[in-house]
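Structure record follows, encoded as structure tokens.
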Amino acid sequence: MSYRSISLEKENQIARLTLNQPERLNALSADLLAELATALDDLSSHSQATRCLIVTGAGRAFSSGADLSEKPTSGSGMPDLSISLRERYNPVVKKLMALPIPVIAAVNGPAAGAGMSLALCADFVLAARSAYFLQAFVNIGLAPDAGASWILPRLIGPARARRLMMLGKKLPASTAENWGLIHKAVEDDQLMDEVNILAQGLATGPTIAYGGIRALVRASLENGLDDQLELEAETQKRLGFTQDFMEGVRAFLTKSAATFTGK
């Protein structure tokens with residue numbers, strides 16, 4: 001499929017999804033979100049062929065967040081922002097969270113508002129040192145959306161989450177790393193090299209196990225201990241039938257390197 005607002009490239013079992021509206025700082029327009037949803041569906045249905053996803057932005061920004069020129073209205077003619085959230089943003093967040101493969105966000109520049117939320121859906125967030133994160137919602141009289149109010153307290157605790165969401169100030173990439181919000185801040189000219197090295201390692205790992213880990217971590221945020229223990233047992237039952245498990249055991253017993261195939 002051809003895309004206009006994003007690009008999707010696949011090579012060596014790694015997919016690179018680029019938000020591709022640089023002239024608008026990759027603002028999340030309705031068209032971009034629709035294409036993003038389609039691309040994520042494609043990746044989910046072909047997860048054996050694609051074993052890692054990189055998400056990044058074209059140009060000087062990762063994403064400036066919502067496209068404020070688009071304002072869905074209610075029957076009264078007043079803006080109804082819940083329409084675009086329920087129909088566009090929320091499905092994309094859910095699809096990205098539910099992908100059965102590892103996800104890396106390469107934050108090449110500012111990640112603001114829903115653009116920040118999108119980046120934080122990844123398992124590993126690497127950011128250029130010149131990049132920053134911004135919960136911009138409060139600056140225009142709104143509360144966070146696209147999952148930010150769910151993700152941030154779980155990553156950095158309620159106090160720091162409130163600080164970001166209520167003060168609406170830029171958080172430099174280096175501070176985001178120190179807080180544990182992101183995996184790593186790197187020099188600008190080294191960002192994609194670091195991302196590619198990480199992606200290559202993940203793309204040759206036990207893909208189904210990675211998917212199981214993603215699901216377990218997500219469920220642990222809501223589950224009690226008993227439910228989580230049962231989910232771990234069911235996950236291990238499923239993984240125990242995979243070729244990668246057999247290969248991992250073989251490699252361990254023979255003291256050799258495992259060759260995982262994602263099956």
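Is it true that some residue in segment 70-92 is under 12 Å from the mean Cα position of the chain (by Cα), under 20 Å from residue 151 (Cβ atoms) and either in the same structural domain as residue 181 (by the TED database) or among the charged types (D, E, K, R) (or both)?
Yes, segment 70-92 contains at least one residue that is under 12 Å from the mean Cα position of the chain (by Cα), under 20 Å from residue 151 (Cβ atoms) and either in the same structural domain as residue 181 (by the TED database) or among the charged types (D, E, K, R) (or both).
Here are some conditions: (1) free of Cβ contacts under 8 Å to residues at least 24 places away in the same chain; (2) surrounded by 13 or more Cβ atoms within 10 Å (Cβ to Cβ). Residue 250 meets all but one. Which one does it not meet?
Tallying (1) free of Cβ contacts under 8 Å to residues at least 24 places away in the same chain; (2) surrounded by 13 or more Cβ atoms within 10 Å (Cβ to Cβ), residue 250 fails exactly one: (2).
With the structure loaded, tell me whether residue 82 is modelled with pLDDT under 95 and loosely packed, with under 15 Cβ neighbours inside 10 Å or whether it fails that test.
Spelling it out, residue 82 is indeed modelled with pLDDT under 95 and loosely packed, with under 15 Cβ neighbours inside 10 Å.
Before we move on, is residue 129 on the phi < 0 side of the Ramachandran plot and without any contact (Cβ under 8 Å) to a residue 24 or more places away in the chain?
No; evaluated as a whole, the condition is false for this residue.
Within segment 155-172, identify whether any single residue is modelled with pLDDT of 95 or more, over 16 Å from the mean Cα position of the chain (by Cα) and assigned to a strand (DSSP E or B), and answer yes or no.
For segment 155-172, residues modelled with pLDDT of 95 or more, over 16 Å from the mean Cα position of the chain (by Cα) and assigned to a strand (DSSP E or B): present.
Kindly list, by first and then second residue, each pair from a residue in segment 28-44 that is within 12 Å of residue 84 (Cβ to Cβ) and in the same structural domain as residue 66 (by the TED database) to a residue that is in a helix (DSSP H, G or I) and hydrophobic (A, V, I, L, M, F, W, C), limited to pairs with Cβ atoms under 6 Å and residues at least 6 apart or on different chains.
28/114; 33/92
Give the residues of segment 237-247 that are in contact (Cβ under 8 Å) with a residue 24 or more places away in the chain and part of a helix (DSSP H, G or I), sorted by residue number.
Scanning segment 237-247 gives 238, 239, 244, 245.
The values are calculated or read from the model by the stated rules, or taken from the named source; none is laboratory data. All values reported here derive from a predicted model rather than from experimental measurement. Don't worry about glycine lacking a Cβ; one is built from the backbone with ideal geometry, like all the others, and counts go over all protein chains shown.
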